[in-house]
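Contents: one structure, followed by commentary.
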C-alpha cells in the first residue's frame, strides 16, 4: 500500500514509527528509511520539498523446496489499518510539539 503525505516532518514520522514498535533495518543509514515490525515492512521515500511517500507491505515467507519462496502483500485491511495507526501516532507527536 502506498500513501503520499504532504507537509511532513521526517524526524517526527521516524519518532512515530519507533513509538509503534518499528525498528531500523539499516541503522547506519541516516535517516533510516527502511523499518520493520513483525510482518510489516515500511519504506519511506522523501520527496523535496516537504512530501513523503510511505510504502507499506506484509512479508509472507512460504515454506517450499529450495530456494525459499518470498512474497509480499501490498493491499488489504491490515495494511490500511496499520498505515492509519502510523499516521495517528504521527499526529499525536505533532500535537505534543505545538
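The values are calculated or read from the model by the stated rules, or taken from the named source; none is laboratory data. Not measured: the values here are computed from a predicted model. Ideal geometry is used to build each Cβ from the backbone, glycine not excepted, and the neighbour counts take in all protein chains shown.
Scanning segment 3-26 for residues that are assigned to a strand (DSSP E or B) and within 12 Å of residue 82 (Cα to Cα) yields a single hit, 3. Annotation: of all residues in segment 27-56 being touching a strand residue (DSSP E or B) at 6+ places or on another chain (Cβ under 6 Å) and not in a strand (DSSP E or B), the one that is nearest to residue 80 (Cα to Cα) is 39.
Residue-by-condition table, conditions (1) at pLDDT below 85; (2) part of a helix (DSSP H, G or I); (3) under 20 Å from residue 20 (Cβ atoms); (4) in contact with a helix residue (DSSP H, G or I) (Cβ under 7 Å, 6 or more places away or on another chain):
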| site | (1), (2), (3), (4) |
| --- | --- |
| 58 | no, no, yes, yes |
| 64 | yes, no, no, no |
| 83 | no, yes, yes, no |
| 88 | no, yes, yes, no |
| 92 | no, yes, yes, no |
| 95 | yes, yes, yes, no |
